[in-house]
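The values are calculated or read from the model by the stated rules, or taken from the named source; none is laboratory data. Not measured: the values here are computed from a predicted model. Reconstructed Cβ throughout: ideal geometry from the backbone, glycine too, with neighbour counts over all protein chains shown.
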Amino acid sequence: MGGRRGRFVLRSPVSHAEPRAEPALEDFQLDDFMPYQLSVAASRVSELFAVTYSAEFDMTIAEWRVMAHVGRHGDLSVNVVAAYTSLDKVTVSRAVTRLVRKRLVRRRVNPQDARLVMLALTAAGRRIHHAIVTRGLMLERLIADELGQRDHAELHRLLARVRDAVPVVTLRLRS
């Protein structure tokens, strides 16, 4: 969802579920708040993964996210990478500058639109991308083993539902 972040006017949401009583503010527990739990879990997994590549490849989380998407999708513009990674354009641009300096990513002007700069992995970037992806898949397997097969599958299913629910809720809040 790139661009400016819109302001929401919070109203009582229209819901298809049974009406519920409004929770009392004094009952709010941050540790039980789903957005907080998702944020903490994502940060911990991301930081654990970063440990596996940051020291060896001298790479930040933002740099890895840029490489991951460029490696997965091929030639991409900075704007598209920013949208894929959910990082702002400044963070992506800085990461790209460092990756170009390290000769892991190359920039080229889009022949159809000279205003767009396209990104692609270099041969060295593809080798590092492969090594990091291999480690990432191993890390995911270790976490999946810890969760168990059924819970791991359920987590994937629920995360997809949360991801798909956010645009619906966003539209409701904006209307």
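Within segment 63-105, the set of residues being surrounded by fewer than 22 Cβ atoms within 10 Å (Cβ to Cβ) and either part of a loop (DSSP other than H, G, I, E, B) or in contact with a Pro (Cβ under 6 Å, 6 or more places away or on another chain) (or both) comprises G74, D75, S86, L87, D88, K102, R103. Would you be able to say whether some residue in segment 79-97 is aromatic (F, W, Y) and either in contact with a His (Cβ under 6 Å, 6 or more places away or on another chain) or without any contact (Cβ under 8 Å) to a residue 24 or more places away in the chain (or both)? Among the residues of segment 79-97, at least one is aromatic (F, W, Y) and either in contact with a His (Cβ under 6 Å, 6 or more places away or on another chain) or without any contact (Cβ under 8 Å) to a residue 24 or more places away in the chain (or both), which makes the answer yes. Residue check: is I143 surrounded by 15 or more Cβ atoms within 10 Å (Cβ to Cβ) and either out of contact with any Pro (no Cβ under 6 Å at 6 or more places or on another chain) or in a strand (DSSP E or B) (or both)? So I143 fails the test. Of the set (1) within 30 Å of Q112 (Cα to Cα); (2) at pLDDT 90 or above; (3) surrounded by 14 or more Cβ atoms within 10 Å (Cβ to Cβ); (4) not hydrophobic (A, V, I, L, M, F, W, C), all apply to T60 but (1).
Checked across segment 119-126, the condition of being modelled with pLDDT under 95 and surrounded by fewer than 10 Cβ atoms within 10 Å (Cβ to Cβ) holds for no residue.
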